[in-house]
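Reviewing the structure listed below.
The values are calculated or read from the model by the stated rules, or taken from the named source; none is laboratory data. Since we're looking at a predicted model, the values are computed, not measured. Cβ placement follows ideal geometry from the backbone for every residue including glycine, while neighbour counts extend to all protein chains displayed. The area values use the complete protein model at the heavy-atom level, side chains included, leaving out ligands, DNA and RNA. Shrake-Rupley method; radii C 1.70, N 1.55, O 1.52, S 1.80 Å.
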There are 2 protein chains.
Amino acid sequence: MGEPNLEAAAENILRAITPTLDPSKHKGQAGKIAVIGGCREYTGAPYFAAITALKIGADLSHVFCTKDAAPVIKSYSPEIIVHPILEESYSVRDEDKKSILDKVLAEVDKWMERFDCLVVGPGLGRDPFLLDCVSEIMKHARQSNVPIVVDGDGLFLVTNCLDLVSGYPLAVLTPNVNEYKRLVQKVLRCEVNDDDAIGQLLSLAQQIGGVTILRKGKCDLITDGETVTSVSIYGSPRRCGGQGDILSGSVAVFTSWARQLVSSSDRNTSISPRNPTMLGCIAASTLLRKAASHAFNVKKRSTLTTDIIEYLGRSLDDISPVS
Amino acid sequence: MGEPNLEAAAENILRAITPTLDPSKHKGQAGKIAVIGGCREYTGAPYFAAITALKIGADLSHVFCTKDAAPVIKSYSPEIIVHPILEESYSVRDEDKKSILDKVLAEVDKWMERFDCLVVGPGLGRDPFLLDCVSEIMKHARQSNVPIVVDGDGLFLVTNCLDLVSGYPLAVLTPNVNEYKRLVQKVLRCEVNDDDAIGQLLSLAQQIGGVTILRKGKCDLITDGETVTSVSIYGSPRRCGGQGDILSGSVAVFTSWARQLVSSSDRNTSISPRNPTMLGCIAASTLLRKAASHAFNVKKRSTLTTDIIEYLGRSLDDISPVS
């Protein structure tokens with residue numbers, strides 16, 4: 001708002017990066033997403049991110065979570081593949097940590113090359129041993145050039161260890177008000193200054209080094225340190241927990257699709273920006289807002305994250321019809 | 001009924017305390033509620049209270065329950081944050097009780113300051129060690145000035161230990177017929193006398209000391225020991241278990257909203273009464289009755305608590321439309 005010149009051609013971008021559906025394609029080509037999150041305390045967040053990916057059109061959606069969280073996440077939906085492999089400190093003896101870390105990594109590595117994008121953070125919690133494991137998973141993802149969307153407790157981890165994403169152009173951070181504040185304090189060593197929101201956001205992305213940041217707010221601001229764009233179409237005034245998980249799952253799918261588009265030689269498109277993580281953020285922000293608006297029109301104050309997820313398909317089809 | 005002069009201007013009150021929805025607000029500002037309840041035996045009650053809070057418009061809803069109860073409550077809905085931290089005697093050795101109590105309190109204290117209201121009792125059970133832990137949680141809530149709605153087994157606890165709420169104006173008791181009878185016997189040392197229902201209710205609240213009591217019945221009577229008001233709009237003749245949990249979750253949200261309204265200097269309202277717990281009870285009683293009436297019209301004898309919950313949003317919007 002107040003930055004009309006930055007407003008992305010959001011619906012055009014969403015349409016451009018959404019792949020055509022073609023009966024000759026096979027399972028997996030529309031996207032394979034993995035969410036790293038879900039612990040004893042939190043199970044809803046990784047479910048929301050994973051089911052969102054499927055509802056937008058990804059073919060397969062995985063969750064890597066702790067053993068406690070897995071049966072619950074599985075119970076939410078038979079559509080999601082849930083791997084109960086992470087461990088929290090309370091269930092691990094010190095002398096076993098090294099071997100458990102190795103086992104976790106071996107398990108994730110079996111799958112890593114197949115994933116088009118990771119989402120790190122929804123319902124991850126802050127257990128130190130678990131975060132150590134997740135740091136290693138992120139390093140492996142980076143070695144394999146798999147894009148990483150970082151949200152929630154993943155941002156807590158990254159804020160304390162910027163090297164995990166620094167200099168990695170396929171990393172996307174999606175901070176909310178509080179997460180953004182902590183990032184600014186840590187990286188720029190100052191407070192958030194909304195009189196220079198654009199400049200500060202650019203500095204932040206540049207300082208971290210080439211990552212894409214989606215700063216969530218009344219108007220979403222998106223930058224890769226080179227350009228800044230905004231998405232401010234009207235969504236919903238409801239602020240129920242879980243909407244950030246829809247966003248991170250959406251960014252994962254759209255970033256995967258944008259990478260396919262940008263790298264394919266057969267589709268010469270005038271799309272701008274060209275950075276697939278920027279495109280993914282713009283499309284995801286737009287779709288969430290549309291779906292939230294639809295859900296709110298029907299459910300009003302009662303709107304929950306589950307309701308918004310139910311409108312993702314229709315909202316996507318409104319913008320980019322299948323035929 | 002028979003007390004038309006006491007009847008609250010219920011719909012006006014509900015409208016006055018329901019906050020406007022505003023896109024510039026962020027997650028949490030519409031309310032963060034926690035339910036203390038859920039044990040090996042009971043899991044439905046805390047779920048009903050917690051999901052009710054969200055369906056009315058709270059942003060976040062937590063449940064603190066036993067380890068056994070947590071996966072089940074989580075599986076009812078991904079929208080609720082469930083903390084598996086309470087323990088029952090059967091799983092605790094005597095020598096470990098002190099350290100477990102400390103751990104439980106440390107865990108709850110991490111969150112306490114963020115909550116706008118606690119609901120203590122839905123599906124709590126009566127295990128002595130668990131009730132000891134809950135007593136301590138209530139003391140901590142009181143120190144932090146967090147309102148406490150007490151229902152179900154929470155009333156069993158409080159009836160046996162009145163000091164937990166005595167003199168705390170942010171406590172709300174919501175007894176049904178039997179719970180009210182036990183309270184009257186314990187506090188007033190007499191039997192319930194419905195020829196002087198109002199006088200006896202006032203005495204009870206005064207004797208306990210400044211708490212608010214919502215006496216559930218065909219007509220709900222509400223007092224803080226100073227004024228008495230009633231809500232008797234028609235609800236439903238169905239008495240399926242769980243409706244009390246809808247009520248306690250609703251009282252929590254509306255009390256939080258009423259506190260915001262009464263404490264905000266920018267909204268000069270002629271609302272009466274001024275006590276936010278009274279306002280919360282009046283609004284909650286009204287909304288439950290409306291939703292139960294809608295549900296019964298459709299589902300008749302088949303009406304269950306889940307059906308009533310589905311009508312909370314529409315009933316609220318009928319009285320206080322979002323735009």
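Numbers for the structure displayed
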| item | result |
| --- | --- |
| Chymotrypsin sites (Phe, Trp or Tyr not before Pro) within the range B:228-323, DSSP loop, no more than 11 other Cβ atoms inside 10 Å | B:Y234 |
| Chain A, Cα convex hull volume normalised per residue, Å³ | 132 |
| Long-range Cα-Cα pairs in the range B:219-305 (distance over 17 Å), rounded percent | 52 |
| Shape call, the range B:1-65: gyration tensor on alpha carbons, a/c limit 1.5 | oblate |
| Charge dipole (the protein assembly as shown, unit charges on Cβ, about Cα centre) - positive-most of A:G225, A:I56, B:T159 | A:I56 |
| Taking the range B:242-323 and dividing mean pair separation by its residue count, relative contact order in percent (alpha carbons under 8 Å, at least six apart) | 31 |
| Restricting the range B:96-172 to trypsin sites (Lys or Arg not before Pro) in coil, as DSSP defines it, with at most 14 other Cβ within 10 Å | B:R114, B:R126 |
| Calculated over the range B:165-208: convex hull of Cα atoms, volume per residue (Å³) | 69 |
| Orientation-averaged projected area, Cα convex hull of the range A:261-322 (nm²) | 5.1 |
| Proximal aspartates and glutamates to B:K300, defined as alpha-carbon separation beneath 16 angstrom and excluding residues fewer than eight positions away on the same chain | B:E310 |
| Portion, in percent, of the accessible area of the range A:16-98 that falls on carbon or sulfur, probe 1.4 Å | 52 |
| Debye intensity ratio in log₁₀ form over the Cα atoms of the range B:186-254, taken at each q of 0.15 Å⁻¹ | -0.56 |
| Cα-Cα over 19 Å, subset of A:K97/B:K97; A:K216/A:K299; A:K181/B:K25; A:K299/B:K55; A:K67/B:K67; A:K55/A:K290 | A:K97/B:K97; A:K216/A:K299 |
| Euclidean distance of C-alpha centroids, the range B:4-55 and the range B:184-209, integer Å | 28 |
| Bins of 20 Å from zero: percent of alpha-carbon pairs in the protein assembly as shown | 19, 49, 27, 4, 0 |
| Most positive-pole-ward Cα, A:Q206, A:V253, A:N275, against dipole of the range A:177-323 from beta carbon charges | A:V253 |
| Peptide-level mean, for A:187-198, of C-beta atoms on other protein chains within 10 Å | 0 |
| Cleavage-rule hits, GluC sites (Glu not before Pro), the range B:76-113, DSSP coil, Cβ neighbours within 10 Å at most 10 | B:E113 |
| 222 nm mean residue ellipticity, helices alone, for chain B (DSSP H n ≥ 4; -39,500 (n - 2.57); rounded to 500) | -15000 deg cm²/dmol |
| Taking the range B:135-269 and dividing mean pair separation by its residue count, relative contact order in percent (alpha carbons under 8 Å, at least six apart) | 21 |
| Neighbouring partner chain Cβ atoms per residue of B:67-78, average, 10 Å criterion | 5 |
| Relative contact order, percent, chain A [alpha-carbon distance under 8 Å, six or more residues apart] | 21 |
| Per-residue mean of C-beta atoms belonging to partner chains within 10 Å, peptide A:290-303 | 4 |
| Relative packing of B:29-35, A:180-186, which averages over residues the other C-beta atoms within 10 Å, highest first | B:29-35, A:180-186 |
| Where N is the number of residues in the range B:1-121, Cα Rg divided by 2.2 N^0.38 Å | 1.31 |
| Reciprocal of mean inverse Cα separation for the range A:136-230 (Kirkwood radius, Å) | 13.1 |
| Cross-link partners of B:K110 among aspartates and glutamates (Cα-Cα below 15 Å; sequence separation of 8 or more within a chain) | A:E41, A:D127, B:D102, B:E136 |
| Packing-based order for B:151-162, A:148-159, B:299-310, using average beta carbon neighbours within 10 Å, highest first | A:148-159, B:151-162, B:299-310 |
